[in-house]
Amino acid sequence: MTDQKIISVFAPAKINLFLHLTRKMQNGYHALQSLISFADIGDLIEIEPADQFSLSIKGPFASYFKEQEHHSAVGSSNLVVKAARALAQNADKPLNVKITLTKNLPLAAGIGGGSSDAAATLWGLQQLWGLDRNAPYLLPLMTKLGADVPVCMHCQPTLVEGIGEKLLQAPNMPEIPILIVNPLVSCPTAEIFMNHHGLFKDKITLPDNFATVFELVDFLRTTQNDLYAPAAQLVPEIGNVLNALDADTQCLLSRMTGSGASSFALFETIESAHNAQKIIQDENPDWWAKVGWLNRPERY
């Protein structure tokens, strides 16, 4: 095996700044419209050539994976394994790599951790194998892996429609201090969607530009996350997190992201975000809380 440098790919947390459901499709999926951005908080994928395929998982949330020693096996439910096998099959490449996932993000958290890991795996393997980044098989492959995988591959502010496969240009946005909080209670996405009984919304038109965080917040106040009601009903701790965020006088806007259970708060300064994080963690030591910058993902 030739000596080759490890390919490292950052897998950032996905944030749904708003999420509107627009209709229910015949296949049971929900069509949506969502403004998505990414934070410089996330997981890490490392890929290196090896004699045979393997996946190892380390980091703060590694122990949350069940039967970790079987993740490399055919039929694994791990999205990293699924992504690697699907790309190898489509590109007709032998999957002779060792993948290491450093899992810093909580699981089933509404911040696209698994989807972002899968996208980072695809990106890293494309680099390793010298593949066409716009190969025709790529979008169907990603959509089959999960609705959030295409936007996580895109990895920049995006207006998403359909079930997540339609990626449209997002308004220009500044870098914004963000605090993400998760009560470390998993939130089952499929169940959340099934329990949505609200009205469907018409698509909205977004401006071309948000010059400041205040302009963005003013706009976001006219929107919402349509999955909040069913999520908070199943996981009441989400309401507790939002109450804690809203109690901070420097919080400009708080909202649940994705299907929960993570919520975020936007701030004018990074110091304000750190202050809010300290208060929340002092009062809720069993919660996960991280500060970072929105629209500043350190990616490829």
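The values are calculated or read from the model by the stated rules, or taken from the named source; none is laboratory data. Keep in mind that this is a model prediction, so the values were computed, not measured. Every residue, glycine as well, gets a Cβ built from its backbone with ideal geometry; the counts of neighbours run over all protein chains shown. Surface accessibility is based on the protein's heavy atoms, side chains included, excluding ligands, DNA and RNA. Shrake-Rupley method; radii C 1.70, N 1.55, O 1.52, S 1.80 Å.
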With respect to residue 198, is the statement that it is open to solvent by less than 60 Å² (accessible area, probe 1.4 Å), closer than 16 Å to residue 109 by Cβ, touching a strand residue (DSSP E or B) at 6+ places or on another chain (Cβ under 8 Å) and part of a loop (DSSP other than H, G, I, E, B) true? no
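Can residue 36 be described as modelled with pLDDT of 95 or more, open to solvent by less than 30 Å² (accessible area, probe 1.4 Å) and under 28 Å from residue 176 (Cα atoms)?
Considered against the rule, which asks whether it is modelled with pLDDT of 95 or more, open to solvent by less than 30 Å² (accessible area, probe 1.4 Å) and under 28 Å from residue 176 (Cα atoms), residue 36 comes out as yes.
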Just to verify a result, which residue in region 134-154, among those that are in contact with a helix residue (DSSP H, G or I) (Cβ under 6 Å, 6 or more places away or on another chain) and assigned to a loop (DSSP other than H, G, I, E, B), is surrounded by the most Cβ atoms within 10 Å (Cβ to Cβ)? 148
If the Cβ limit is 7 Å and pairs must be 6+ apart or interchain, which residue in region 129-153 that is hydrophobic (A, V, I, L, M, F, W, C) pairs with which residue that is open to solvent by 30 Å² or more (accessible area, probe 1.4 Å) and outside any helix (DSSP H, G or I)? 129/93; 139/165; 147/163; 151/167
Can you run down the residue pairs with Cβ atoms below 6 Å, 6 or more apart or on separate chains, where the first is in region 49-66 and closer than 14 Å to residue 79 by Cα and the partner is open to solvent by less than 40 Å² (accessible area, probe 1.4 Å) and in a strand (DSSP E or B)? 55/99; 56/100; 57/101; 65/57
Do you know which residues across region 84-120 are among the polar types (S, T, N, Q), within 20 Å of the chain's Cα centre (by Cα) and surrounded by fewer than 24 Cβ atoms within 10 Å (Cβ to Cβ)? 100, 102, 104
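Hey, among 193, 214, which residue is in contact (Cβ under 8 Å) with a residue 60 or more places away in the chain and either open to solvent by less than 20 Å² (accessible area, probe 1.4 Å) or not in a loop (DSSP other than H, G, I, E, B) (or both)? Can you show your working first?
Values: 214 fails: in contact (Cβ under 8 Å) with a residue 60 or more places away in the chain.
Exactly one of 193, 214 is in contact (Cβ under 8 Å) with a residue 60 or more places away in the chain and either open to solvent by less than 20 Å² (accessible area, probe 1.4 Å) or not in a loop (DSSP other than H, G, I, E, B) (or both), namely 193.
Condition check ((1) open to solvent by 80 Å² or more (accessible area, probe 1.4 Å); (2) within 22 Å of the chain's Cα centre (by Cα); (3) at pLDDT below 95) across all residues:
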{"position": "164", "(1), (2), (3)": "no, yes, yes"}
{"position": "173", "(1), (2), (3)": "no, yes, no"}
{"position": "205", "(1), (2), (3)": "yes, no, no"}
{"position": "224", "(1), (2), (3)": "yes, yes, no"}
{"position": "243", "(1), (2), (3)": "yes, no, no"}
{"position": "269", "(1), (2), (3)": "no, no, no"}
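Yes or no: residue 275 part of a helix (DSSP H, G or I), open to solvent by 30 Å² or more (accessible area, probe 1.4 Å), of a type in the set (S, T, N, Q) and within 26 Å of residue 34 (Cα to Cα)? Lay out the reasoning, then the answer.
Working: part of a helix (DSSP H, G or I): yes; open to solvent by 30 Å² or more (accessible area, probe 1.4 Å): yes; of a type in the set (S, T, N, Q): yes; within 26 Å of residue 34 (Cα to Cα): no.
Spelling it out, it is not the case that residue 275 is part of a helix (DSSP H, G or I), open to solvent by 30 Å² or more (accessible area, probe 1.4 Å), of a type in the set (S, T, N, Q) and within 26 Å of residue 34 (Cα to Cα).
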So is residue 233 part of a loop (DSSP other than H, G, I, E, B) and surrounded by fewer than 22 Cβ atoms within 10 Å (Cβ to Cβ) or not? no
